[in-house]
Amino acid sequence: MSAHTTAHDRSHTGLRVAVVGGSLTGPTAALLLHAGFDDVILYEAAPASAPLGGGLIGLEHSSLDILDQLGVPQHEFVRYDSEAVLEFAVRQRRPGSKRRHLYAGRNTTWTLLHAALTRRLPSHVLHSGKRVTGLTGEYGQPLLHFADGDTATADLVVFADGRASTGRRLLDPHRQLRYAGYVAHRGQTSTTPPGLRDFLRFAPTHSGMQFNVAPIPGGTDWTFYLGATAAQYSDFFGASPTRRVFALPQHVTDTARAAVDANAQQYLPDEQAALVHATNTRMAAAVLDIDPPTRMVWPIGTGHAVLLGDALAPVRPHTARGANNGIEQAAGLTAALTQHRKYSADLAAALGGWQHRHLPTAVAAVQLGPTLGHQYGLGE
Ligand SMILES: Cc1cc2nc3c(=O)[nH]c(=O)nc-3n(C[C@H](O)[C@H](O)[C@H](O)COP(=O)(O)OP(=O)(O)OC[C@H]3O[C@@H](n4cnc5c(N)ncnc54)[C@H](O)[C@@H]3O)c2cc1C
């Protein structure tokens, strides 16, 4: 191929795709695209050896089917196949009336799914330790800039770089994260209470909090939603909620730990309070809002850049839509690009069609978050 080959010429031999972000959305997109395109590279900021963590994630049938078709068998990332959700209203630390419904999906964990995806990425596709800092349209093609001074060209840049996305900052700078006034405190224990198979939700009445618990391989995962001012968040985790959007175990201070334990002691039933108290591995996520997206695609020189997953629209955890949105958007993007590759569909029109199909779902999930938060008495 000559050095002056244009993006259009290349559509017959294969689009060069750069995916930014190697968590869930990015690896899904890279694997789906790798099946049909020769030149797909995934850039992940974290070094390969970085400690990783993350908790329970519910995946709907749409996402489960996409992973199935990708050749990732469900047993690799779903270890407890219960579909049941049991909700308890808690009064004076006693679980009262129980409501049971079935979730149209299955629970996985970030750790299981991330491993199932990334172990399938060929080593020439996954480039770890590459933090993207900029994107320009120099020389006609999108040019990615990295923190280490490197650059890389691509015809299509797929930003799947999460809640604090560099892609969103570059492409859609007016959409800023806003702290919603509460925190998803998370914990993982290395024991599972006897008989725990389902997803349990405890809602202490009139207290503006919620506690969820479910089994994970080798232990239990819990999430405790509690209000906190931005100043308290900084005190708990060492930085503001919009700067430290996730607090990893090393960021969780004794103050945060004590505050969570005290709330558990005051509001949760004995068994759940004891579970919290006995948990060593703790994390947290700030609950954040953002203006709904109005677009997903941007022309960059002769190429394009897109935002997907949390990079496009971080949503509140109660919507259980974040990972689902990212996976569905990655599959839709692959469908659009495949029409371009196999049948010469116009690339800009194909990307526009993809946006048209997926934007309403992302907007709806962004808007649903505050509604659910309000219902649960959480947030400002
Ligand atoms: C408590 C809680 C419960 C949740 N429950 C659910 C649920 O039930 N169902 C559901 O669907 N979702 C759920 N979610 C949301 C889900 O976890 C996220 O939507 C999902 O992890 C987003 O994946 P992502 O790959 O788009 O982004 P992220 O997981 O944020 O990953 C972004 C990646 O990009 C990398 N990166 C960042 N910046 C750069 C850069 N400049 N250059 C290169 N790489 C970069 C990061 O290191 C990271 O690996 C929940 C979230 C929380 C906090």
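The values are calculated or read from the model by the stated rules, or taken from the named source; none is laboratory data. Because the structure is a prediction, the values reported are computed rather than measured. Surface accessibility is based on the protein's heavy atoms, side chains included, excluding ligands, DNA and RNA. Shrake-Rupley method; radii C 1.70, N 1.55, O 1.52, S 1.80 Å.
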**Asked** By the gyration tensor of its Cα atoms, with a ≥ b ≥ c the square roots of the eigenvalues, what is the shape of the stretch 111-187: rounded for a/c under 1.5, prolate for a/b over b/c, or oblate?
**Response** oblate
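Got a number for carbon plus sulfur as a percent of the chain's accessible area, 1.4 Å probe? Spell out each step's value before the answer.
On the way: 8650 of 16690 Å².
On the chain, the fraction of accessible area on carbon and sulfur atoms equals 52 percent.
So what is the orientation-averaged projected area of the stretch 61-152, using the convex hull of its C-alpha atoms, in nm²? If you can, show how the numbers build up before the last one.
On the way: hull surface 43.5 nm².
For the stretch 61-152, the mean projected area of the Cα convex hull comes to 10.9 nm².
Which whole-number value in Å² is the accessible area per residue of the chain, probe 1.4 Å? Before the final figure, lay out each step's value.
Values: 16690 Å² over 380 residues.
Counting only protein heavy atoms, the per-residue value for the chain is 44 Å².
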**Prompt:** In a Debye calculation with equal point scatterers on the alpha-carbon sites of the chain and no solvent, what is log10 I(q)/I(0) at q = 0.07, 0.08, 0.14 Å⁻¹?
**Reply:** -0.32, -0.42, -1.20
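Using helices alone, what [θ] at 222 nm do you get for the chain, with -39,500 (n - 2.57) per DSSP H run of 4 or more residues, divided over all residues and rounded to the nearest 500? Present the calculation step by step, with values, prior to reporting the outcome.
On the way: 10 runs with 119 residues, N = 380.
That comes out to -9500 deg cm²/dmol.
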**Prompt:** In whole Å, what is the distance between the alpha-carbon centres of the stretch 306-380 and the stretch 124-174?
**Reply:** 20 Å
**Angle between the chain longest axis and helix 347-375 axis [Cα atoms, degrees, rounded to 10]** = 10 degrees
**Request:** Using DSSP, restrict attention to beta bridges with both residues in the chain and report what percent are antiparallel, rounded to the nearest 5.
**Result:** 70 percent
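Convex hull over the alpha-carbon atoms of the stretch 136-279: what's its volume per residue in Å³? Show your work: numbers first, answer last.
Values: hull volume 24.1 nm³, N = 144.
With only Cα atoms used, the stretch 136-279 gives 168 Å³ per residue.
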**Request:** Enter the Cα centre distance for the pair the stretch 75-95 and the stretch 240-283, rounded to the nearest angstrom.
**Result:** 19 Å
**Asked** What do you reckon, how do SER128, SER63, SER97 stack up by accessible area (1.4 Å probe), largest on top?
**Response** SER97, SER128, SER63
**Message:** From the phi angles alone, apply the Karplus equation (6.51, -1.76, 1.60; θ = phi - 60°) to the stretch 318-326 and give each ³J(HN,Hα) in whole Hz, x where the residue is Gly or Pro.
**Reply:** 4, 6, 6, 10, x, 5, 4, 4, x
**Prompt:** Expressed in nm to one decimal, what extension gain is obtained for the pair ASN280 and HIS61 from 0.36 nm per residue of sequence separation less their Cα-Cα distance?
**Reply:** 75.5 nm
